[in-house]
Each structure stands twice: as structure tokens, then as C-alpha cells.
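Chemist: One structure coming up, written as C-alpha cells, with questions to follow.
The values are calculated or read from the model by the stated rules, or taken from the named source; none is laboratory data. No experiment lies behind these values; they were computed from the predicted model shown. FYI the Cβ positions are ideal-geometry reconstructions off the backbone, even for glycines, and counts take in every protein chain you see.
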């Protein structure tokens, strides 16, 4: 239990504000009140326990003294160490009459359950971020040891993505047997299979092991997004996606740190494939705090109580076709832009492994700003306009970076990371939002298949074009046509889903009495 004690000397006309309930990080309700004191408990907030006591008194000079004692137990496992300093600073300010969230908080207050779920999902996202970027960061070094060229690397990356077909079947199980069980099993399985890549004897072995490992890590990514959407309030779904994405980016950044030592020996890249084994025990321990989602449990109760034919929801195929088009066009550009970056920096710009690590961390880390801003803007102002702006700006500066040298390369990469990241939460939340609970996992698995098809085609196309044109920059400029079309699709045909409950978007999920 944390206890904070504050004393403020304030003008008499502003003292009464401290006796009002908070409506920010925590939504309070008053449990006791006198003319000079108030006691509050949490109505909604990321706390297992919360109490705030305020007393007013007057000093000899006529100023009002505010004595405030706040005791709470935070419901933010793992990440509480980051949350507490900002919370302490915020609580030194008086409550406001209108709702006011600090910049680091979600647009709406989360309850203890939602805060715990989001925290655990973010921890899992760190691991999935590492697993998802591992082949990208190490392939150029593995190819160097195995004597493979750019075309062969593109082929391997495309083949690895075929594993998403396995993920489609696995993620469909989450619609029948629950999100939690499938999520945890896929996460542990991906860590174990990834470790097999450490003893690869050639590109085939590495490709096969990564095919299965990536299929399971894809399941993890899908189910993290599904669970976040099903547990978060309507006004915070994009924010939740942005936070999970930042956590995944942290995992990707940890993977990038492997580049510090990969130049030390020809086979040093293999160590990076053993690192996920360290995450298995902590993930199993954190899984105990992760409940099954309320919406899945509600669906199961309705199925059990239904008389007559078994409840069966169908995928909204027009929505699926629309989102599939978007996923295909976006992946066609995004996958080669990310996957060939290390190859581009090493072979066309002469970067060493350490310099590549510095470049990736220095240019991608500011993208966290775009992710947070994009999540909040998408919840407040809508998904479509924010998504379109992020796509257009991110793609433009990505192409510029692939055509640049020296400091313009660095500056363009930073701009691409920050602006492009704005689109991530705005677009990523559509998949979980636009399908009913009974089909949410299957539909998002299908979208992932389409996305991987686009990424595979993009990788093969850019690899071939780079060989024909003599550089990756020209190839990236050509495939940028795909996201340009996506901007038009998003602005004209994508629906607006911000601040709408999932049951409103999917009427079949409504309770019978609604």
C-alpha cells in the first residue's frame, strides 16, 4: 500500500476545489463530508484500493491549509515503476471541475481489471516484439555465414510468412476455447521454437524454424489486440493499442541491441535466438493475473443458455474485404521497408553492426511519440483522418530515407517513424472492432493471412526490383504506390468506430434484453 501526504497553502477562494471528487486518472465518489473535510473512494480507477482524505484549516495569516492523505494499491503489474512517479506528481494538483486526463493517461479512466489486463498484455507484447523482429535484425548476418544473397533473403522472408496459414488455424481455437489459453500457449511455444534457430545449419533450417515460430508469434500479436479491444472501455481502445504497440517496439528495440555483438564472430547472431528462453518463466507467472475476457465469457454464457439451434455469428464479409484490402496495400510497402533496412544500411550505406543498432534505436525510438499521440487522437478525433495522415507522411519520409545519404537519411528516418507511427493505433484497432466476439479471432487471423500475402509479395517484388535497378531506394519508391491507394481507401470507405461500444458495432453481440 502506497501512502502520500500533501500539505498545500492556498488562497481561501481556491481551497474548496480540494474537497471536490477527482475525475481524471481516478473517478472518485464521496463517502464522507463536512464543511471542512471530505473522504473519497475510487468509483473507477486503476487501483485495487484507493482512499483520499482532505481536511481544510486556516493559519494565522488567513491562508487556507489543505492537508491531503492518499492511500492506494496500484493495479498496474510490471509497469508500476514507470506509472508511480507521474501519478505522484499529478496528485499534487487539485481536482478540476471538468474531466482532465494528464498526457500520459488514457482518455478515460481504466478500472483495476482493465489496468491489470493491459499491463500483462504489454509485457507479453515486449516478448512478441522481440520474436517478431528477430529474423529481420539477424538475417543479413545469417545470410553472410550461409553465403546467401539479397534475392535469397527475400525468398526466405516470404516463405517464413507462409507460417501465417498455421496461425489462422490456431487463432480460430481462441474463438472456441478462450483467448487466454491460446495466447499463453502460443507465446511459450514461439519462444521454444525460436531457440531451435540457434543451431541452424543453413537457410532452410533457419527458414523452417522461423516459419513455425513466427506463426505462433503472429497468434500472440492477434490475440493481444483482441483481448485489449474486448477489455478496454470504448473511448480507450486505440490508446490501448498504442500502448501495446509501444511495448512491442520496446521488445523490438531489445532485439536490435543484439547487433552490438554480431560483428564479433561469424556465428554470433545465433545467441539472439536463445534469448527468448529467458522470458518463459516470467510469462507463465504473469499469465496467472490475466483473466479470460468478459466479452468471451458473456458469449459463452449466451451459447449455453440458448435454446434451439446453436448461436452462430457470421463474418461481415464486406467489412472483411475492406480491411483485407487495407492490410494488403499497407503490408506490400511496410514489410520490405522494415525487413530490408539492415541490408540497405550494411551493403548500400556501409554501416557496421553497431552503427546499425545506433541508427535503428535513434531513429525508431521517437516513434513512440507518434504511437501515443496517434492513439489519443484516434480515440478523440476519429480513426480515418488520423490513419490517413500517418500513412501519407510515414510513407513519404520512408522513401526519402531510402534515397538519402548522411544526415538527411537520419532525419528522414526519424520523421518517417514519428509520423508513420500515428497511423498504427488508428488502423490496428479496426480488426478487433468490426467483427463479433465469436468470429473476432478467426476474422483477424484471416486479415493477417492477407497482410502476410501482401508482405510476401512486397518482399519478393522489392528484392527483384533492387537487383534489377541496382538499389533498394528506387524499388521502395515504386511500391509506395500501394499505400498511396490505401490513403484513398481509408478516407472514402473505412467506417468511423471511435467511442462506440463493440456491441453497437456488432449487434449480434448484444445481450437478449438489450
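Chemist: Would you check if residue 32 is at pLDDT below 95, loosely packed, with under 14 Cβ neighbours inside 10 Å and more than 37 Å from the chain's Cα centre (by Cα)?
Modeler: Spelling it out, residue 32 is indeed at pLDDT below 95, loosely packed, with under 14 Cβ neighbours inside 10 Å and more than 37 Å from the chain's Cα centre (by Cα).
Chemist: Among the residues in the range 438-456, are any out of contact with any strand residue (DSSP E or B) (no Cβ under 6 Å at 6 or more places or on another chain) and on the phi > 0 side of the Ramachandran plot?
Modeler: Taking every residue of the range 438-456 in turn, none turns out to be out of contact with any strand residue (DSSP E or B) (no Cβ under 6 Å at 6 or more places or on another chain) and on the phi > 0 side of the Ramachandran plot.
Chemist: Could you check the range 378-391 and list, in sequence order, the residues that are in a helix (DSSP H, G or I) and touching a residue at least 60 places away in the same chain (Cβ under 8 Å)?
Modeler: 378, 379, 380, 381, 383, 384, 385, 387, 388, 391
Chemist: All but one of (1) surrounded by 14 or more Cβ atoms within 10 Å (Cβ to Cβ); (2) in contact (Cβ under 8 Å) with a residue 40 or more places away in the chain hold for residue 465; state the number of the condition that does not hold.
Modeler: Going through the list (1) surrounded by 14 or more Cβ atoms within 10 Å (Cβ to Cβ); (2) in contact (Cβ under 8 Å) with a residue 40 or more places away in the chain, residue 465 breaks only (2).
Chemist: Within the range 212-233, can one find any residue that is more than 21 Å from the chain's Cα centre (by Cα), in contact (Cβ under 8 Å) with a residue 60 or more places away in the chain and in the same structural domain as residue 470 (by TED's automatic domain parsing)?
Modeler: no
Chemist: Just give me the residues in the range 347-373 being closer than 30 Å to residue 148 by Cα and either outside any helix (DSSP H, G or I) or outside the structural domain of residue 412 (by TED's automatic domain parsing) (or both), in sequence order.
Modeler: Scanning the range 347-373 gives 349, 350, 351, 352.
Chemist: Within the range 237-251, is even one residue free of Cβ contacts under 8 Å to residues at least 24 places away in the same chain and surrounded by fewer than 20 Cβ atoms within 10 Å (Cβ to Cβ)? So that I can check it myself, show each step before the final result.
Modeler: Narrowing the range 237-251 to residues free of Cβ contacts under 8 Å to residues at least 24 places away in the same chain: none.
Within the range 237-251, none of the residues are free of Cβ contacts under 8 Å to residues at least 24 places away in the same chain and surrounded by fewer than 20 Cβ atoms within 10 Å (Cβ to Cβ).
Chemist: Let me ask something additional. Closer than 21 Å to residue 292 by Cβ, out of contact with any strand residue (DSSP E or B) (no Cβ under 9 Å at 6 or more places or on another chain) and at pLDDT 95 or above: is that true of residue 178 in this structure?
Modeler: no
Chemist: If you scan the range 492-514, which residues turn out to be part of a helix (DSSP H, G or I) and surrounded by 15 or more Cβ atoms within 10 Å (Cβ to Cβ)?
Modeler: If the condition is that a residue be part of a helix (DSSP H, G or I) and surrounded by 15 or more Cβ atoms within 10 Å (Cβ to Cβ), then 502, 503, 505, 508, 509 are the ones that fit.
Chemist: Kindly indicate which of 446, 470 is out of contact with any helix residue (DSSP H, G or I) (no Cβ under 9 Å at 6 or more places or on another chain) and surrounded by fewer than 24 Cβ atoms within 10 Å (Cβ to Cβ).
Modeler: Values: 446 fails: out of contact with any helix residue (DSSP H, G or I) (no Cβ under 9 Å at 6 or more places or on another chain).
Answer to the selection: 470.
Per-residue answers, yes or no, for (1) farther than 30 Å from residue 190 by Cα; (2) surrounded by fewer than 17 Cβ atoms within 10 Å (Cβ to Cβ); (3) modelled with pLDDT of 90 or more; (4) touching a helix residue (DSSP H, G or I) at 6+ places or on another chain (Cβ under 7 Å):
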site	(1), (2), (3), (4)
58	yes, yes, no, no
66	yes, no, yes, yes
93	yes, yes, no, no
99	yes, yes, no, no
119	no, no, yes, no
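Chemist: May I ask you to say which residue of 203, 227 is more than 30 Å from residue 509 (Cβ to Cβ) and in contact with a helix residue (DSSP H, G or I) (Cβ under 7 Å, 6 or more places away or on another chain)?
Modeler: 203
Chemist: Does the range 257-278 hold any residues that are part of a helix (DSSP H, G or I) and surrounded by 21 or more Cβ atoms within 10 Å (Cβ to Cβ), and which are they?
Modeler: 258, 259, 269, 272, 273, 276
Chemist: Looking only at the range 398-433, which residues are part of a loop (DSSP other than H, G, I, E, B) and either outside the structural domain of residue 217 (by TED's automatic domain parsing) or surrounded by fewer than 24 Cβ atoms within 10 Å (Cβ to Cβ) (or both)? Full working, then the answer.
Modeler: Of the range 398-433, the ones part of a loop (DSSP other than H, G, I, E, B) are 403-405, 429.
Listed by number, the residues that qualify are 403, 404, 405.
Chemist: Being over 30 Å from residue 112 (Cβ atoms), at pLDDT below 90 and surrounded by fewer than 16 Cβ atoms within 10 Å (Cβ to Cβ): is that true of residue 301 here?
Modeler: no
Quick grid of which residues meet (1) under 14 Å from residue 338 (Cα atoms); (2) more than 21 Å from the chain's Cα centre (by Cα):
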site	(1), (2)
435	no, no
438	no, yes
447	no, no
450	no, no
453	no, yes
464	no, yes
473	yes, yes
478	no, yes
490	no, no
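Chemist: Still on this structure, I have one more. Working carefully through the options 344, 333, find the one that is at pLDDT 90 or above and buried (at least 18 other Cβ atoms within 10 Å of the Cβ).
Modeler: 333
Chemist: Follow-up question, since we're still on this one. Would you tally the residues in the range 324-346 being in a helix (DSSP H, G or I), under 18 Å from residue 399 (Cα atoms) and in contact (Cβ under 8 Å) with a residue 60 or more places away in the chain?
Modeler: 16
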